[in-house]
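Undergrad: Pasting in a structure now, in structure tokens, and then I'll have a few things to ask.
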Amino acid sequence: MNQNKTVELKGRDWMLVWLYALIAFIGLLCIYSVEYRSNTSFFKGLLAFKLNYSKQFIYLMICAVLAIFILLTDSKFFTATPNLLYVLGIFLMLLTFLIGKTVNGSKSWIPMGFMNLQPVETCKIFTSLALAKYLSRPETDFSKSRSQLIASGICFLPVAFSLLQNETGLALVYFSFLIPMYREGFPPIYLIIGALSGVLLVAALLFPPYPIIVVLAIIAAMAIYVLKRKIKRKKSLLMVIITYWALSSFFIGVAVPFLFKHVFQKYQADRIFSLVGRDNPYASDAKDKLTTVQLKSKKTGEDLENYNVKQSKIAIGSGGFFGKGFLKGTQTQGDFVPEQHTDFIFTSLAENFGFVGCTILMLLYLAMLLRIIMIAERQRSPFSRVYAYSVAAILFFHIAVNICMTIGLAPVIGITLPLMSYGGSSLLTFTILIFILVRLDADRQMVLR
């Protein structure tokens, strides 16, 4: 009996498990510090199951049971069911349109009594498995455009439903699947086009569209002049330059305005433009324009759109090098930072433990990401490798965007910090993602399909 248990647990990557547990424990401490008050008892609050840290503790216990269940599951289950699970994920996203609950303007939650399930969050698991399943099929030739288009459709179909639910932030997470696709041979030209689109988007934030289009036309004209000899020999080169100019102009003049008018919610567009010190030029009318960056908070007189980030910076800066000490953060205890237990949980860590605490957390995240990449590269099975890179990409996107968000380098778009932020859906999602990887890695000598 004991020998069988030893065999069952053999080959698991316990370093990744311990990294998961340590980060989750730090997150629980930070959530507790947000809600701590000197006149409350820790154990009474924990047993009451009403405060956020109490609920997070329950979620952690559920995740622990779920993790053990996953570790004891046959790895072939995860290769046999991805397509079915993916369809289930899409169905749950569609179900939110019928029975969904609206939270912060986003109708993306399904109430389940003890917690709210967010299908767009959990669908990241199913998408990772479905992508791994498709790319690991012997008949899939990823060098062909048809296969690339199907793989892209698997990754980005949830994005469409997420945007319809006004959940723009999580929709952006699905673009992280470009990393595992690139690892499997996705042409770099698409990534280059994506990077150039990002540059054009930043330019559109800083300047009006028409001057940018004129500048693009000048660049195109200069390119035609410099390459005129090559163009004489190869007429198609002229069409390539003109096409790139036309597509770039369309992106700046049509796609970007549509994005900010009809895809992003008004408050999200306001936050993005306030990040670069501009009013939202795509507000629908004069009244809307007056209520973007100029709108003042009644309490502080600060710009409303910058209030969250300003308070976040104050909390982070006040921690100094070593921090004020656990449960001694004045900004945290004063409840100055909105959504501090969820999107801005990083500020609690920074104020309590300072630069040293933040550095330790970053090193733990870095160790986790490097460990996952190492796990990915030692797989014999393409299925396990693609899945591992998907997990690493999702984690990296969340970590990078959330921390940049809290220090003012990215707009506030509602991205959680993995294993740290309060929330059952987020914690369950990352737990399942990581422990499926641990289970697949235990059978790394097998070729799973």
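Undergrad: Given the conditions (1) farther than 25 Å from Phe175 by Cβ; (2) surrounded by 12 or more Cβ atoms within 10 Å (Cβ to Cβ); (3) of a type in the set (A, V, I, L, M), which single one is not true for Val65?
TA: Among (1) farther than 25 Å from Phe175 by Cβ; (2) surrounded by 12 or more Cβ atoms within 10 Å (Cβ to Cβ); (3) of a type in the set (A, V, I, L, M), the lone unmet condition for Val65 is (2).
Undergrad: Against the definition (hydrophobic (A, V, I, L, M, F, W, C), modelled with pLDDT of 90 or more and more than 23 Å from the chain's Cα centre (by Cα)), how does Phe77 come out, yes or no?
TA: Values: hydrophobic (A, V, I, L, M, F, W, C): yes; modelled with pLDDT of 90 or more: yes; more than 23 Å from the chain's Cα centre (by Cα): yes.
Answer is yes for this residue.
Undergrad: Still on this structure, I have one more. In the range 79-102, how many are surrounded by 14 or more Cβ atoms within 10 Å (Cβ to Cβ) and assigned to a strand (DSSP E or B)?
TA: 1
Undergrad: Between a residue in the range 347-359 that is on the phi > 0 side of the Ramachandran plot and assigned to a helix (DSSP H, G or I) and any residue that is of a type outside the set (D, E, K, R) and crowded, with 24+ Cβ neighbours inside 10 Å, which pairs come within a Cβ distance under 7 Å, given they are 6 or more apart or on different chains?
TA: Close Cβ pairs satisfying both conditions: Gly354/Gly319.
Undergrad: Give the number of residues within the range 363-410 that are within 30 Å of Ile316 (Cα to Cα) and touching a residue at least 40 places away in the same chain (Cβ under 8 Å).
TA: 21
Undergrad: Tell me, which helices (runs of 4 or more DSSP H) lie completely within the range 148-232 with 2 or more residues that are crowded, with 19+ Cβ neighbours inside 10 Å and of a type in the set (Gly, Ala, Ser)?
TA: 168-173
Undergrad: Is it the case that Arg146 is closer than 19 Å to Phe78 by Cα, assigned by TED's automatic domain parsing to the domain that holds Ala80 and charged (D, E, K, R)?
TA: In short, no.
Undergrad: May I pose another question? Just to be sure before I move on: is Phe42 aromatic (Phe, Trp, Tyr), at pLDDT 85 or above and surrounded by fewer than 19 Cβ atoms within 10 Å (Cβ to Cβ) in the structure I sent? Working first, answer last.
TA: On the way: aromatic (Phe, Trp, Tyr): yes; at pLDDT 85 or above: no; surrounded by fewer than 19 Cβ atoms within 10 Å (Cβ to Cβ): yes.
In short, no.
The values are calculated or read from the model by the stated rules, or taken from the named source; none is laboratory data. Treat the numbers as computed from the prediction; the structure is a model and nothing was measured. In this analysis, Cβ positions are derived from the backbone assuming ideal geometry, glycine residues included, and neighbour counts consider all displayed protein chains.
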